[in-house]
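Report on the following structure.
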Amino acid sequence: QVSLVESGGGLVQPGGSLRLSCAASGSIRSISDMGWYRQAPGKERDLVARITRGGATNYADSVKGRFTISRDNAKNTAYLQMNSLIPEDTAIYYCKMEVATFTSYGFSYTWGQGTQVTVSS
């Protein structure tokens, strides 16, 4: 059993910054990819940023140059630093990790519960 807990969301003014965290816990043997997704009201859930275990990253075009994804493998934690926020960034942000446990074979995807980010003046 693996659970992901996100934190760091909130209300911020346009141009401001937030840092999201996502901590994994449970019977974890290894974590491969970590990613952040977001879902705005009435829209699909889309990839924001993804990072491999080795540190390779990719970003949605809409956040390139403003958001930075990072990870701490020792803490099983992913981060998303969000700068120069705009109202269009308003959404629920979800963390997803590809996790191998001590009690199962192979990797499987696990999602967090989501954290609300609202950008408004």
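Binned at 10 Å from 0, what are the whole-percent values of the Cα-Cα distance distribution for the range 75-116, short to long?
Per 10 Å bin, starting at 0, the Cα pair percentages come out as 21, 43, 24, 10, 2.
So if I place +1 on the C-beta of Lys and Arg and -1 on the C-beta of Asp and Glu, and nothing else carries charge, what would the dipole magnitude of the chain be about its Cα centre? I want it in debye, nearest 20.
About 220 debye.
Starting from the 7 Å offset along Cα-to-Cβ, what nm value, one decimal, do you get for the label separation of residue 53 and residue 86?
3.7 nm
Where in the range 25-63 does the label zone of residue 3 land, with the point 7 angstrom along Cα→C-beta and an amide N cut-off under 12 Å?
Label zone hits: 25-27.
So what's the net charge close to residue 118: Lys and Arg +1, Asp and Glu -1, counting the other residues with Cβ under 14 Å from its Cβ?
Every neighbour counted, the sum reads -1.
Of 121, 70, which has the most accessible area and how do the rest follow, probe 1.4 Å?
I get 121, 70, largest accessible area first.
Along the charge dipole of the chain, Cβ charges K/R +1 and D/E -1, which of 41, 60, 86 sits furthest on the positive end?
Among 41, 60, 86, the one farthest towards the positive end of the dipole of the chain is 60.
Tell me, in nm to one decimal, what length is gained between residue 46 and residue 19 on full extension, where the rule is 0.36 nm per residue of separation less the Cα-Cα distance?
7.9 nm
Return the carbon/sulfur percentage of the accessible area of the chain, one whole number, probe 1.4 Å, all protein chains in place.
On the chain, the fraction of accessible area on carbon and sulfur atoms equals 48 percent.
Counting only DSSP beta bridges with both residues in the chain, what percent are antiparallel, rounded to the nearest 5?
95 percent
Give me the distance between the Cα centres of the range 102-118 and the range 20-97, rounded to whole Å.
Cα centroid to Cα centroid, the span is 12 Å.
Beyond 23 Å, what share of the Cα-Cα pairs of the chain is found? Please give it as a whole percent. Please report the intermediate quantities before stating the final value.
Working: 1945 of 7260 pairs.
Counting every Cα pair in the chain, those more than 23 Å apart make up 27 percent.
The values are calculated or read from the model by the stated rules, or taken from the named source; none is laboratory data. The shown structure was predicted, so the numbers you read here are calculated from the model rather than taken from an experiment. Cβ atoms come from the backbone with ideal geometry, glycine included; neighbour counts cover every protein chain shown. Heavy atoms of the whole protein, side chains included, go into the accessibility calculation; ligands, DNA and RNA do not. Shrake-Rupley method; radii C 1.70, N 1.55, O 1.52, S 1.80 Å.
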